[in-house]
1. Measuring from label point to label point, each 7 Å out along Cα→Cβ, what is the V41 to T78 span in nm?
2. Please give the contour-minus-distance gain from Q185 to D57: 0.36 nm per residue of separation, less the Cα-Cα distance, rounded to one decimal in nm.
3. For region 83-178, what D do you get in µm² per second when you plug the Kirkwood radius from alpha-carbon pairs into Stokes-Einstein at 37 °C and 0.692 mPa s?
4. How big is the charge dipole of the chain about its Cα centre, in debye rounded to the nearest 20, if each Lys and Arg gets +1 on its Cβ and each Asp and Glu gets -1 on its Cβ?
5. Assign unit charges at the C-beta atoms only (+1 for Lys and Arg, -1 for Asp and Glu), then state the dipole size of region 83-178 relative to its Cα centre in Debye, rounded to the nearest 20.
6. Report, please, the projected area of the chain averaged over directions, based on the convex hull of its C-alpha atoms, in nm².
7. At R0 = 51 Å, how high is the FRET efficiency between L127 and Y229 if r is their beta carbon distance? Nearest 0.05 is fine.
8. Quote the FRET efficiency, to the nearest 0.05, computed for E100 versus L202 with a Förster distance R0 of 30 Å and r equal to the Cβ-Cβ distance.
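Taken together, the values in this text are just the output of simple stated rules run on the coordinates, not laboratory data. Not measured: the values here are computed from a predicted model. Cβ placement follows ideal geometry from the backbone for every residue including glycine, while neighbour counts extend to all protein chains displayed.
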Amino acid sequence: MTDSIRVIRKNTDSIKKHEGDLAIIRDAEIGELARITKSSVSPEKAYALYKDSMGEDPLSAGMLRYCSLIAGDGTPPTQRKDTCRVACVKNPLSLKALTELTRGFSGVTLSEKSDFRALCEEVAQDLSDYCILPYCSSLDGYYPTFQKLVRSYELKINARICLSRPDSDEEILFALLSKNVEIAQGANIVSFSFVQSKKDTLARLLAALSSMQIEILGTNSAPLEYNMYKLSFTVEADVGDFPLSALFFFLDATLPGHTVLGVYQ
C-alpha cells in the first residue's frame, strides 16, 4: 500500500510540474499574441484572434489575461456635478442612506416620492439626477422588485451603503442609482448581468475571473420575463488591482448583450 501511494505521489508531482511548464509556455504565447495585436482592435476582432491563435473558447482565463495586455491602462473617474437632485422615499432609514450616499456633493435637493416606481420614473425623465432604493437584505437576500425596476428603467448603481434597522438585527443595502454608469475615484466593485447562452457559461466566467484574483462577491439569477426557462445572471465582483478597462473589454468580447449594472466601492 505504501509503495503504491509513493508511486501515485511521484506521478502527481510529475503532472504538476508539466502543468506548470505548460502554463508558462501558454502565458508566453498570450504575451506574444498581445504584442502583435493592434492597439485599436475591437473586442469582436480580439475574440476571433484569440480563438484562432490559442485554439480554445475565449471565455477563459487566458482571454482575460490577453485583454489585460491590450485594453489600455484604466478607466478615468467620472466628473460629477457639485450639486444634485435625489428622489427618495421619506422614511428614517432611506433618509439616512441619502445622507451617507451623497456626502461627496456640496448641495443636495430632495425630491420626495411615495413609492419605488415613482423614484425610478423621476430619474428616467431627467427630473432628478439620482434615486435611492433598498436592494438587498441580510434576511431576504436580493429584492426581486429592485432587479425588475433596474432592468425596466435601465438604471445604474453608482454607490451603495449598508445600514442596520434600529428595531432588529436586519441589515439592508441601499443603492444610489442614475441613468449612466459613473466611476468614482477608487471604485473597484463591478456588477453586471447576462443571459446564459450555454449551460456552463457562468461556471467558466467565474473561473476566468477568479484566475486573475478578481473576488466574486455574489451571484444571483432570475427568469426572463419573456421566457421563464432562460435565466439572467447577475455577478458582483471586486476587481482589486485588475484594470476596469480590461474587464469591460473582456465582457464585450465574450458576453455580447451583457449589461454593466454599476461600478462602485
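1. Inter-label distance under the simple model: 3.0 nm.
2. 42.7 nm
3. Answer from the Stokes-Einstein relation: 247 µm²/s.
4. Taking the Cα centre of the chain as origin, the dipole is about 260 debye.
5. In total the dipole reaches around 180 debye.
6. Orientation-averaged projected area of the Cα hull: 19.4 nm².
7. With a Förster radius of 51 Å, E is 0.85.
8. The computed FRET efficiency comes out at 0.40.
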